[in-house]
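The values are calculated or read from the model by the stated rules, or taken from the named source; none is laboratory data. Quick caveat: nothing in here was measured; it's all calculated off a predicted structure. As a convention, Cβ positions derive from the backbone with ideal geometry for all residues, glycine included, and neighbour counts pool all protein chains shown. These area figures cover heavy atoms from the full protein model, side chains too; ligands, DNA and RNA do not enter into them. Shrake-Rupley method; radii C 1.70, N 1.55, O 1.52, S 1.80 Å.
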Amino acid sequence: MSALASTLTKEQPVEMTDALSPLDPHLVRTLQGHRSAVTSVAFSASARKQVASGGEDGCVMLWQFAPLGAVSPNAPKRPTRAFRFAGHRGAVNKVAFSKDGSVLASASTDRSVRLWTPSAKGQSVEMKGHSGAVRCVDFSSEHLLTASDDKTVKIWSLPARRFVCSLGGGGGGAGGQAGQFQDQVGVGSSRYRRQHTTTDETAHSNWVRAAKWSPDGRVAASCGDDKVVKLWDVEARRCVKTFFDHDAPVKDVVFSSDGTCLVSAGDDKTVNVWDARSYALLQHYASHDAPITSLSLDPQGRYLATASLDSTVKLYDLRQGHLLYTLRGHRGPVRSVAFDASNLSGGAHVFASAGADKVVMIWKAHLDADLTGPPGHHPTKNRKTPKTTTTTTKRGAARKTTTTTQSSSKVPT
């Protein structure tokens with residue numbers, strides 16, 4: 001079951017209300033097509049410049065446009081080709097591209113995951129196995145990871161799309177249902193030969209909000225409404241570490257590109273950065289005024305972006321251990337943020353944010369630009385004070401904020 005509509009989207013005019021340097025983060029595109037809040041946004045790593053988004057309207061949008069690296073704030077905006085994929089019977093909670101960009105996955109409240117061909121045809125296949133809403137989906141090179149309200153994290157083989165195992169046996173019926181499905185389809189990967197789930201003692205005790213692979217695919221991290229973050233040895237099917245440092249539900253978790261650091265954030269408005277090897281807490285940030293909904297690290301793992309219900313996106317320099325920018329562009333809660341891992345040239349970072357205002361915003365920043373200079377130049381002296389970037393479209397007036405941050409140490413280089 002899938003349907004497709006193709007259209008040309010009209011991009012909102014962008015008005016910069018603060019006189020900032022061209023190197024500072026600035027808005028280069030706004031994308032509109034969803035009929036309700038946008039819950040997730042993701043970039044494709046393929047040569048085709050694509051952005052996908054999912055929303056509470058149950059649709060997946062695929063945006064295709066010219067390379068963003070050549071776009072300047074004052075350049076004429078080219079029409080963006082947009083495709084709307086319909087098939088889910090509930091809100092889309094998460095979208096993610098495969099490593100090569102050839103497959104787009106969406107997780108939904110309808111308890112299913114769909115794998116889409118990211119093209120005009122919009123063909124998809126449905127995967128079922130969870131007994132609750134699916135909150136997150138993430139790709140490794142050979143497997144798919146899903147997280148659900150049934151308190152489990154599940155692994156699926158690719159490209160066979162077969163269920164492999166569950167990490168966490170909470171939710172009773174969920175583990176049983178998964179086991180029946182597994183017996184029917186078998187296992188599609190020789191790496192995971194023994195079929196079983198982990199014990200309830202190590203499982204999540206509440207909804208699992210996010211689950212992500214480590215870069216090498218040997219470890220997975222998950223977090224949820226039970227206020228904990230868990231690290232899993234995937235091959236051994238066991239939880240190797242549980243972090244109890246958050247005081248409220250944890251909404252997102254992500255590994256650094258080298259797998260040495262783990263970052264989490266949630267309803268307690270804080271960000272925690274851990275050493276994924278020693279499990280030591282490296283940094284703690286408390287700079288948002290409302291729950292944090294989403295995290296993303298740049299390709300080098302130096303810069304962190306966070307989205308929050310306080311209507312802001314914040315950028316941090318993890319190596320220096322401080323907040324760099326607060327971005328205000330959305331009119332309402334920001335639900336998702338994502339760096340473009342394939343677009344980094346000359347220090348230019350591209351990232352996207354999406355929110356309850358039904359808008360996807362594409363931003364560009366030269367975050368590394370002031371890290372180089374003549375002898376005696378000390379760029380970090382100019383970066384201790386966070387900057388506030390205020391951006392509006394014709395729909396709303398600009399607003400300014402002040403920001404604070406707390407950190408415990410620098411992330412090792």
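Amide H to amide H under 5 Å from Lys94: which residues, 5+ apart in sequence or cross-chain, H placed 1.01 Å off N in plane?
Those qualifying (amide H under 5 Å, at least 5 residues apart or on another chain) are Ala107.
Between Gly301 and residues 5 or more places away or on another chain, which pairs have amide H atoms under 5 Å apart, with H built 1.01 Å from N, and which residues are they?
Here the answer is Ser257, since their amide H atoms fall under 5 Å of that of Gly301.
When only DSSP loop residues count, what trypsin sites (Lys or Arg not before Pro) in the range 284-321 have their Cβ near at most 16 other Cβ atoms within 10 Å?
Values: sites: Arg302, Lys314, Arg319; in loops: Arg302, Arg319.
Here the trypsin sites (Lys or Arg not before Pro) that fit, given the DSSP loop and packing criteria, are Arg319.
For the range 304-312, just list the computed ³J(HN,Hα) in residue order, Karplus coefficients 6.51, -1.76 and 1.60, θ = phi - 60°, integers in Hz, with x standing in for Gly and Pro.
My calculation for the range 304-312 gives 10, 10, 10, 10, 8, 5, 7, 6, 10 Hz in order.
So between Arg319 and Lys128, what do we pick up on full extension, going 0.36 nm a residue minus the alpha carbon distance? If you can, show how the numbers build up before the last one.
Values: separation 191, 0.36 × 191 = 68.76 nm, distance 4.09 nm.
Once the chain is fully extended between Arg319 and Lys128, it gains 64.7 nm.
For Ser342 and Arg238 in the same chain, what is the full-extension length gain: residue separation times 0.36 nm, less their Cα-Cα distance, in nm?
Details: separation 104, 0.36 × 104 = 37.44 nm, distance 3.29 nm.
Length difference between fully extended and current span is 34.1 nm.
Beyond 30 Å between alpha-carbons counts as too far, so tell me which of Lys121/Lys314; Lys251/Lys364; Lys49/Lys241 fall in that bin. Walk me through the numbers before you get to the answer.
On the way: Lys121/Lys314 36 Å; Lys251/Lys364 25 Å; Lys49/Lys241 38 Å.
Exceeds cut-off: Lys121/Lys314; Lys49/Lys241.
State whether the range 282-346 is rounded, prolate or oblate according to the following rule on the C-alpha gyration tensor (a ≥ b ≥ c being the square roots of its eigenvalues): a/c under 1.5 gives rounded; otherwise a/b larger than b/c gives prolate, and the remaining case gives oblate.
Working: a/c = 2.05, a/b = 1.29, b/c = 1.58.
Judged from the Cα gyration tensor, the range 282-346 comes out oblate (a/c at least 1.5, b/c at or above a/b).
Counting other Cβ atoms within 10 Å, which trypsin sites (Lys or Arg not before Pro) in the range 217-293 have at most 15 and lie in a DSSP loop? Spell out each step's value before the answer.
Values: sites: Arg218, Lys227, Lys230, Arg237, Arg238, Lys241, Lys251, Lys269, Arg277; in loops: Arg218, Lys227, Arg237, Lys269, Arg277.
Of the trypsin sites (Lys or Arg not before Pro), the ones in loops of the range 217-293 whose Cβ has at most 15 other Cβ atoms within 10 Å are Arg218, Arg277.
Determine ³J(HN,Hα), in whole Hz, for all residues of the range 123-130 in sequence, where each value follows from phi through the Karplus function 6.51 cos²θ - 1.76 cosθ + 1.60 and θ = phi - 60°; x replaces Gly and Pro.
Values per residue, Gly and Pro as x: 6, 8, 10, 9, 10, 10, x, 8 Hz.
Can you compute the FRET efficiency between Ala248 and Asp216 using 1/(1 + (r/R0)^6), with r the Cβ-Cβ distance and R0 = 25 Å? Round to the nearest 0.05. Don't jump to the answer; show the numbers that get you there.
Working: r = 31 Å, r/R0 = 1.22.
With a Förster radius of 25 Å, E is 0.25.
Run through the range 263-337 and list the chymotrypsin sites (Phe, Trp or Tyr not before Pro) located in a DSSP loop whose Cβ has at most 16 other Cβ atoms within 10 Å.
Hits after loop and neighbour filter: Tyr279.
Taking R0 as 30 Å, what's the FRET efficiency between Ser46 and Ala290 from their Cβ-Cβ distance, rounded to 0.05? Before the final figure, lay out the partial values.
Numbers: r = 35 Å, r/R0 = 1.15.
FRET efficiency, Ser46 to Ala290: 0.30.
Quickly work out the Ala120-to-Arg35 label distance, labels modelled 7 Å from Cα along the C-beta direction, and quote it in nm with one decimal.
It is 2.4 nm.
Fully extended, how many nm does the chain gain between Tyr279 and Arg161 (0.36 nm per residue separation, minus their Cα-Cα distance)? It would help to have the intermediate numbers written out before the result.
Working: separation 118, 0.36 × 118 = 42.48 nm, distance 3.29 nm.
Stretched fully, the Tyr279-Arg161 segment lengthens by 39.2 nm.
Leaving out ligands and nucleic acids, note down the accessible area per residue over the range 223-366 with a 1.4 angstrom probe, in whole Å².
Details: 4000 Å² over 144 residues.
Ligands and nucleic acids excluded, the result is 28 Å² per residue.
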